[in-house]
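The values are calculated or read from the model by the stated rules, or taken from the named source; none is laboratory data. This structure is a prediction, so every number in the text was calculated from the model and none was measured. No Cβ is skipped: glycine too gets one built from the backbone with ideal geometry, and neighbour counts run over all protein chains shown.
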Amino acid sequence: MLFGRTPMKNSTGWLQADASVSFQCSPVTLRLCVLLSGWSRQILSAWLADTSSPVELLQTAGKPDDGYRRKTALTGFSEAKAVPRDLGIADFFAIGFYDSAYPELLKHIPDPPLVLFCLGDLAVLEQRSVALVGARKSTESGRAIARSLAAGLVARGCTVVSGLAVGIDAAAHRGTLTAPGGKTVAVLGSGFGHLYPEQNRGLAKAILSAGGLLMSEYPPGMTPRPYQFPERNRLISGVSEVTVLVEASVKSGSLITARLALEQGRDLCAVPGPARSPLSAGCHRMIRQGAALVTCVEEIAEEMGLPEPTPTPGERAIADLSSPLDEASVQILDAIAAKPRQLDEIAVLIDRDPQRVSQCLMQLQLSGFVRHGPDGYIRLL
């Protein structure tokens, strides 16, 4: 059974750092962490108990075994204590391959990580999950498709998985968060303390605030390195039933995720684009190699046998109007359907300029759809 939010005593294998930051794991996972970091249990326990600094501990207890991976893992552990405060989360936790809560789909890939470090709610992976991946240097059309697919998948009860990168990944996360009850998983190529890219830190916080999950195989203080991003791609496809490719050149890193999905025996879908567009060439190649061609969420749902969706507030608003709302207004209505939000938060979620959001909100308020409360939060009427 997975641990709860309240750490237990060390005698059961749980360790607590201090009142504001805790690291939680089962006894078996603790041993895996020790193995990966090269630290002894005594060193790790003393650090988590805040009895002395990692440097002092290493000076008195000796260095861990040599090896680049062990040294970087050690760095990741030693810097981890500043991480949860930075993200506004009180604690993080680790699960090992032998823990019962380890994601079932991930157990069946060829090279699952021994330990996963997590922030947020692991229960989101109990829903059916779909990975949406694609180019960093994406087009507005591609990002709009990713947002639309993500929102449509949420309406059909799915969790959307991606990698928190700029471009298609970020659009997929934002599209999920604008849908009522949308929860998304971001699989990182670094530790929590070094989120990459930095510009998506606000998006990471929004994912956690919505009840989503940040997940990494790297210790929380580990810095991003080039090899880690293609390495983590196997986890994006590994926790997902289906991987959907939205815009990718023939050299795109997202093609690595697509190929890994096929190697893992998972279904692969790809969205076609203009015949001469370099950003569609990778998608077209995967379609020629057997990926299912999809152009809308209905076709993904057909592949997966998903149920019909419940109309979103934005869609219901359109049905009630003689003249439809524009896309930005629909996105705003969907964003505040789950809970009241402030203007800046809405702008981050729907990836729109705050001034444009403000204009739409004024029109929605005049039309009787929303109200702007004295606390600064916008609510549906």
Quiz item: Name the residues in segment 168-194 that are in contact (Cβ under 8 Å) with a residue 60 or more places away in the chain and surrounded by fewer than 24 Cβ atoms within 10 Å (Cβ to Cβ), would you?
Solution: P180, G181, K183, G193
Quiz item: Restricted to segment 327-365, and to residues that are touching an Asp or Glu at 6+ places or on another chain (Cβ under 9 Å) and of a type in the set (G, A, S), which residue is surrounded by the fewest Cβ atoms within 10 Å (Cβ to Cβ)?
Solution: A347
Quiz item: Does any residue in segment 94-105 that is assigned by TED's automatic domain parsing to the domain that holds P219 come within less than 6 Å, Cβ to Cβ, of a residue that is not in a loop (DSSP other than H, G, I, E, B) six or more places away or on a different chain, and which pairs are these?
Solution: none
Quiz item: If we scan segment 280-298, do we find a residue that is acidic (D, E) and either at pLDDT 95 or above or not assigned by TED's automatic domain parsing to the domain that holds E140 (or both)?
Solution: no
Exercise. Considering every residue within segment 215-238, establish whether at least one is buried (at least 21 other Cβ atoms within 10 Å of the Cβ), on the phi < 0 side of the Ramachandran plot and in contact with a Cys (Cβ under 6 Å, 6 or more places away or on another chain).
Key: yes
Practice problem: Just one of (1) in the same structural domain as V244 (by TED's automatic domain parsing); (2) surrounded by 23 or more Cβ atoms within 10 Å (Cβ to Cβ) trips up L116, so point out which. | Solution: (1)
Quiz item: Hey, among the residues in segment 126-139 that are modelled with pLDDT of 95 or more and surrounded by 23 or more Cβ atoms within 10 Å (Cβ to Cβ), which one's farthest from G253 (Cα to Cα)?
Solution: V130
Exercise. Mind telling me which of the residues E247, E263 ends up being in the same structural domain as L188 (by TED's automatic domain parsing), in contact (Cβ under 8 Å) with a residue 12 or more places away in the chain and at positive phi?
Key: E247
Quiz item: Here are some conditions: (1) within 16 Å of R147 (Cβ to Cβ); (2) part of a helix (DSSP H, G or I). I256 meets all but one. Which one does it not meet?
Solution: (1)
Quiz item: Of the residues in segment 364-381, how many are among the hydroxyl-bearing types (S, T, Y) and within 14 Å of D344 (Cα to Cα)?
Solution: 1
Quiz item: Considering only segment 191-217, how many residues are over 23 Å from R379 (Cα atoms) and out of contact with any strand residue (DSSP E or B) (no Cβ under 7 Å at 6 or more places or on another chain)?
Solution: 9
Quiz item: Mind checking which residues of segment 264-279 are outside any loop (DSSP other than H, G, I, E, B) and modelled with pLDDT under 95?
Solution: P278, L279
